[in-house]
Number of protein chains: 2
Amino acid sequence: MADTVEIVFQPSGRRGRTLAGTTLLAAAQELGVGIEAVCGGKGVCGKCRVIVEEGRFEKLGIASSRGHVSALSPVEEKFFSREELERGYRLACLAQVNADLVVTVPEESRTAKQVILEQGKTRAYSLNPAVKQYSLTIEPAALDDARDDRQRLLDALAQVYGLENLTVDYTVLRDLPQVLRQQDWQVTVTVWQEQEVIRVVPGRDAAPSLGIAIDIGTTTLAAFLCDLTTGELLGRASRMNPEIGYGEDVLARISYAMSNEDGRDKLQQVMLKAISELAAEMTAKIGRKPLEVDEIVLVYNTAMHHFTLGLEPKFMGRSPFVPAVSAPLDIKARDLGIAINPAANIHSLPVEAGFVGPDNVAVLLAEEPYKSDKVKLIIDIGTNGEIDLGNKDRLLSTSCATGPALEGAQIAFGMRAAAGAIERVEIDAETKEPRYKVIGQETWYPELKFTGAQGICGSGIIDVVAALYTAGIISKAGRINGRLETPRVRKDENGRLEYVLAWAEETAIHKDITIKQGDIRAVQLAKGAIYTGAKYLMEKYGIEQVEEVILAGAFGSYINKQSALTLGLFPDCDLDNVKAVGNAAGDGARIALLDIDKRREAASVARQVEFVETAVEPDFQTRFMDALAIPHAKDSFPHLT
Amino acid sequence: MADTVEIVFQPSGRRGRTLAGTTLLAAAQELGVGIEAVCGGKGVCGKCRVIVEEGRFEKLGIASSRGHVSALSPVEEKFFSREELERGYRLACLAQVNADLVVTVPEESRTAKQVILEQGKTRAYSLNPAVKQYSLTIEPAALDDARDDRQRLLDALAQVYGLENLTVDYTVLRDLPQVLRQQDWQVTVTVWQEQEVIRVVPGRDAAPSLGIAIDIGTTTLAAFLCDLTTGELLGRASRMNPEIGYGEDVLARISYAMSNEDGRDKLQQVMLKAISELAAEMTAKIGRKPLEVDEIVLVYNTAMHHFTLGLEPKFMGRSPFVPAVSAPLDIKARDLGIAINPAANIHSLPVEAGFVGPDNVAVLLAEEPYKSDKVKLIIDIGTNGEIDLGNKDRLLSTSCATGPALEGAQIAFGMRAAAGAIERVEIDAETKEPRYKVIGQETWYPELKFTGAQGICGSGIIDVVAALYTAGIISKAGRINGRLETPRVRKDENGRLEYVLAWAEETAIHKDITIKQGDIRAVQLAKGAIYTGAKYLMEKYGIEQVEEVILAGAFGSYINKQSALTLGLFPDCDLDNVKAVGNAAGDGARIALLDIDKRREAASVARQVEFVETAVEPDFQTRFMDALAIPHAKDSFPHLT
């Protein structure tokens, strides 16, 4: 190992050893980290921009330094600004690793741009946005009419549209005089909640107001750009949650915020920057400007809610788990420094309780179990899972720390649902040979020889663990059977058993893609947490069987329901009554953006839902441990069977 | 003149020629510009900080450059930061002038700190501020009480004080969790208008809320710091209006704002910075923090209102003279970037019409003519004069461009009312010899031989012009009689007549202090404008005689009423019925700060006052020209006599 060095790629966390002198691009390819390299690594295209980090990374157990890479080449100097060079930017195809290194691959250099999946469900909602536009022709100023410009505007709004007692945001006042006069006293006025003028532009036929709904997941942000006058979806964008650099899960981030003086500010600033960038990216794609965005609706779990709004998260993270704010909030974009119309409001849906946040309220808005006769079990699968159970009579909620395994993170060859990800797996019970399908390929392996697989995403992980169980490769306890006669089961470099899902020659990463014992354990923990939470809710509600199971989450649309049931991800239910509805939280955010009545409904629902804190139940640990078995051990809920 | 150079000191505008090689301090002393020099010019104290300006000053007809002074000395390098050196900072006692120069003397280096005069009048007003404080003990969070921190606070305010439906400013929410817990759930809460929580601090016995009232004059800012729980005046501060660098009068500043792309921003930014500095200075003096200032009330004329709030002033400055906003405004301190409590509101009193701004509303609030039986004439003397006439039945207002002469500016030896200023003048009709009194000296000249006079302030100017007239030295038309046998009347370097008020040996500036023909003309224009405006109002109102004349303005307290009447500053009135009430606008701002009912009164008064636009009257020019005579030519209003 004398001339190998350790390298870690962020934010994916992929790590491994490589020969000193290897280029960063080659090292990334060895480890299956996708970096753009349009010119094929010739130092011409400048796409393979990476950042060499400086410092000791305690959590990773590695020290990184810009001295650990080869000297800056003249070619690279041309590609970067002085600030970028100071930040540690390099071209991955030219910089060579000489000693241990942490390298960040910025969003723009990643090949596998994340795909946020459209929901499978069509939802009907009425169009009644908080923000509306009004065309006006205003009486020109004259010597015998001493009204000021603001009054003139308000009088016209009252006269033509019956809008009384409006206020005008300060930022609108600044340029009002010339805006009114620019097109001969014809203007288009944006009004928020029939209360406040938030934008005035010259001309009666101004472009329609834009609104954005964002689902801020612990791991992923999904944003939707809408025309607020038609409700039309004009675009969408997604990216990794930029706070991942400060902790994979919310507890790590709370701890980061508490143990660093500017920790809370940092968490907030990276998020607000990402939101501004999403707004800029989506508006640019349709030839519009971020300043034309007149409202944003945000949904997130309670921790992400606190981080995004800069609220002290310390006390939310410890008993009695009290959030700083539960109520819905409207905060001016300029107060958060989000680069849209500065007078626009950022609307935050209400928190239910503890970690059950606005995102779950959004799921409820989208699914409306509170209007249903049937008792529904709604499972929103994400790094933080939320579970709802009930109908129009009563509604219970709980949260569970699922972990990111089901999103493909913290899995040896895990990746997000993007081209190259193995998304479907079957295993022959006799031969123990797999069939699998990769996103972007129509044909399955082994019909397709070279699949170009780069890793395995959430739905593939659920499939493979379920398939390993039904094929008899793993036990009920999740242990890999090492005595099977198949080359697919072998020991890894640490002497631990693993199952080879794809051989190196089939893949784009030129490495065997394997499922490790630890991966199986992570899936068990995730599904055990969800199952236990669901069972507690059923017990509290007093039912033994749910009539409908709804799997929400971008990921939810893609999982094989049979595999999920096999694993015991949710309590027994006729598979016909199990529905995957996609990103219901994102849908709920869009609904709240487009229909203000739904916000009132949200506030009322948030108050009505009964929150169940499962972690304080005395038998929680026992039940959770039992629920790790595949499928779940029914006898852990003896009174239900 | 080969080895003399021209030098202009800003913001006073004093200019003259001096020998090349003279230090800036010596040049300033020659020209009567007061610069602090505690160590006596030895380069030790570092007090004589001045700024050498760079560029061509068209209006002054002079080009200035840092190359026009001696090289930077090592001593100076020690006294200044890099930014200051880049800005052109020098020590006046060490830097020598080598070529034409414009030098700015910053506020902190001026010896004659401006004195804002306390009003002569005691005004009673009730204490009912917009901002109030409430002490609370809040129920601690517990597992069986899921309320969030914000709700817990609001519930306690409702329960203990009956304050319902409050909102909480976003900036308060950020740290609310730790603030509530820091002193065991005991807090002091600041609430604005019984509507919004704007500050929460730990402990039930927090220091009282602070409020600031500021009268923003065209030339001078006067600020008052108040305890909002007792109404007590805790401090005051004043400074030059920082926009003077962009134009002496409001029309010049409007033109600056219009002809420079960032002109409007610059005018606003210097003002907001000055306001922040005033807040910092006054709070520091009493050991408090600007963050404890929970409200500011601003009064100003309409132009300063637009500049301060960053509103487009273009259309206010041209017919039909429509302001962007007339209504009273509450703008968050953070939206203006004023460094006090970011959730505090900056309250702006309403504009009446055209140039009759919130400052006149403040004067009316202080004087309450609308509650009076008597018909009062109120003259607010400043660079922009406002005149009100009326009683409880009817109230008229107008504005007039007085110019800064009555504040001591644009007068050859003019200065502000500070130590060293000649404030009283009498002239013997026989000998033509003057008697005069200097601020800071008890004894008059000639009883006092060395008076240390540095210049003449507003009240002195009114006195001297009236005295010149009664002593027969100037004619009714204001012309100096050159045929008198007195050494006091002589020709200046331009061959124009002047009257020597003080000989060089009596003064601190070692130069004769003279009254020039141009000075007399400036006073005539000022008094003519005021007189004409007042007469028009009387005509519109239909009265020939006013029952009471009220002279407002910091300056108003100090003028000799007889001199003012002699000059014809206001229409004939029994001198017993002429009252000087000091800075009524500042008093009105304080009243509005301390009593919210007065703001409602202000809004109603602003709507009721009838604005009279005198400049559009067909005979305005004739009347104005007639009114320049000393005393005013009565026959210009033939139908009144």
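Quick look at the numbers
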quantity	calculated
Residue in the range A:609-616 that is away from every other protein chain (no Cβ under 14 Å) and in contact with a helix residue (DSSP H, G or I) (Cβ under 6 Å, 6 or more places away or on another chain) present	no
Extreme residue, modelled with the lowest pLDDT, among residues of the range B:498-512 that are crowded, with 22+ Cβ neighbours inside 10 Å and aliphatic (A, V, I, L, M)	B:ILE509
Test: residue in the range A:80-88 that is within 30 Å of A:PRO404 (Cβ to Cβ) and buried (at least 22 other Cβ atoms within 10 Å of the Cβ)	no
Residue within the range A:371-383 that is at pLDDT 95 or above, of a type in the set (A, V, I, L, M, F, W, C), within 20 Å of the chain's Cα centre (by Cα) and closer than 30 Å to A:THR171 by Cα present	no
Test result for B:GLN454, surrounded by 14 or more Cβ atoms within 10 Å (Cβ to Cβ), farther than 17 Å from B:ALA564 by Cα and free of Cβ contacts under 8 Å to residues at least 12 places away in the same chain	no
Residue in the range A:343-365 that is farthest from A:ASN384 (Cα to Cα), counting only those that are within 21 Å of the chain's Cα centre (by Cα) and within 11 Å of chain B (Cβ to nearest Cβ)	A:ILE346
Complete set of residues in the range A:386-443 that are surrounded by fewer than 18 Cβ atoms within 10 Å (Cβ to Cβ) and within 20 Å of A:ALA222 (Cα to Cα)	A:ALA419
Those residues of the range B:410-438 which are without any contact (Cβ under 8 Å) to a residue 24 or more places away in the chain and either of a type in the set (Phe, Trp, Tyr) or not in a strand (DSSP E or B) (or both), in sequence order	B:GLU430
Candidates A:GLY382, A:GLY460 - the one that is out of contact with any Cys (no Cβ under 9 Å at 6 or more places or on another chain) and outside any loop (DSSP other than H, G, I, E, B)	A:GLY460
Criterion violated by A:GLU368 - all others in (1) touching a residue at least 12 places away in the same chain (Cβ under 8 Å); (2) surrounded by fewer than 19 Cβ atoms within 10 Å (Cβ to Cβ) satisfied	(1)
Criterion (assigned to a strand (DSSP E or B) and in contact with a Leu (Cβ under 9 Å, 6 or more places away or on another chain)) met by exactly one of A:GLY235, A:GLY231	A:GLY235
Residue under evaluation A:THR402, criteria (1) assigned to a loop (DSSP other than H, G, I, E, B); (2) of a type in the set (S, T, N, Q); (3) under 30 Å from A:SER604 (Cβ atoms); (4) touching a Phe, Trp or Tyr at 6+ places or on another chain (Cβ under 9 Å), criterion not met	(4)
Odd one out for B:GLY211 among (1) in a loop (DSSP other than H, G, I, E, B); (2) closer than 30 Å to A:VAL325 by Cα; (3) touching a residue at least 60 places away in the same chain (Cβ under 8 Å); (4) not aliphatic (A, V, I, L, M)	(1)
Single residue of the range A:201-219 satisfying the filter (β-branched (Val, Ile, Thr) and surrounded by fewer than 24 Cβ atoms within 10 Å (Cβ to Cβ)) that is modelled with the lowest pLDDT	A:THR219
In the range B:166-184, the residues that are more than 12 Å from chain A (Cβ to nearest Cβ) and either part of a strand (DSSP E or B) or out of contact with any Gly (no Cβ under 6 Å at 6 or more places or on another chain) (or both)	B:ASP184
Candidates B:VAL464, B:VAL438, B:VAL489 - the one that is within 26 Å of B:ALA526 (Cβ to Cβ) and touching a Phe, Trp or Tyr at 6+ places or on another chain (Cβ under 7 Å)	B:VAL489
First in the range B:145-165 and facing chain A (nearest Cβ under 10 Å), second anywhere and crowded, with 18+ Cβ neighbours inside 10 Å and in a helix (DSSP H, G or I), Cβ under 6 Å, 6 or more apart	B:ASP149/B:LEU176; B:ASP149/B:PRO177; B:ASP149/B:LEU180
Any chance B:ALA223 is in contact (Cβ under 8 Å) with a residue 60 or more places away in the chain and either charged (D, E, K, R) or closer than 18 Å to B:PRO129 by Cβ (or both)	no
Conditions (1) outside any loop (DSSP other than H, G, I, E, B); (2) closer than 23 Å to B:GLN454 by Cα; (3) small (Gly, Ala, Ser): number failed by B:ALA63	(2)
Test result for B:ILE559, at pLDDT 90 or above and either surrounded by fewer than 18 Cβ atoms within 10 Å (Cβ to Cβ) or not small (Gly, Ala, Ser) (or both)	no
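Listed here are the residues, each with its yes/no results for (1) buried (at least 22 other Cβ atoms within 10 Å of the Cβ); (2) at pLDDT 90 or above; (3) more than 14 Å from every other protein chain (Cβ to nearest Cβ); (4) outside any helix (DSSP H, G or I).
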position	(1), (2), (3), (4)
B:ALA589	yes, yes, yes, no
B:ALA592	yes, yes, yes, no
B:ALA606	yes, no, no, no
B:PRO631	no, no, yes, yes
B:HIS639	no, no, yes, no
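Listed here are the residues, each with its yes/no results for (1) closer than 21 Å to A:GLU613 by Cβ; (2) touching a Ser or Thr at 6+ places or on another chain (Cβ under 8 Å).
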residue: A:PRO323; (1), (2): yes, yes
residue: A:PRO342; (1), (2): no, yes
residue: A:PRO350; (1), (2): yes, yes
residue: A:VAL356; (1), (2): yes, yes
residue: A:LYS371; (1), (2): no, no
residue: A:LYS374; (1), (2): no, no
residue: A:LEU377; (1), (2): yes, no
residue: A:GLY385; (1), (2): yes, yes
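Residue-wise test of (1) within 21 Å of A:PRO342 (Cα to Cα); (2) of a type in the set (Gly, Ala, Ser).
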{"site": "A:ASP205", "(1), (2)": "no, no"}
{"site": "A:ALA223", "(1), (2)": "yes, yes"}
{"site": "A:GLY235", "(1), (2)": "no, yes"}
{"site": "A:ILE244", "(1), (2)": "no, no"}
{"site": "A:GLY247", "(1), (2)": "no, yes"}
{"site": "A:ILE275", "(1), (2)": "yes, no"}
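Every residue, every condition in (1) small (Gly, Ala, Ser); (2) part of a helix (DSSP H, G or I), yes or no:
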| residue | (1), (2) |
| --- | --- |
| B:GLY482 | yes, no |
| B:GLY518 | yes, yes |
| B:ARG521 | no, yes |
| B:GLY533 | yes, yes |
| B:TYR536 | no, yes |
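The values are calculated or read from the model by the stated rules, or taken from the named source; none is laboratory data. Everything numeric in this text was worked out from a predicted model, so none of it was measured. Glycine gets a Cβ as well: all are built from the backbone with ideal geometry, and neighbour counts include every protein chain shown.
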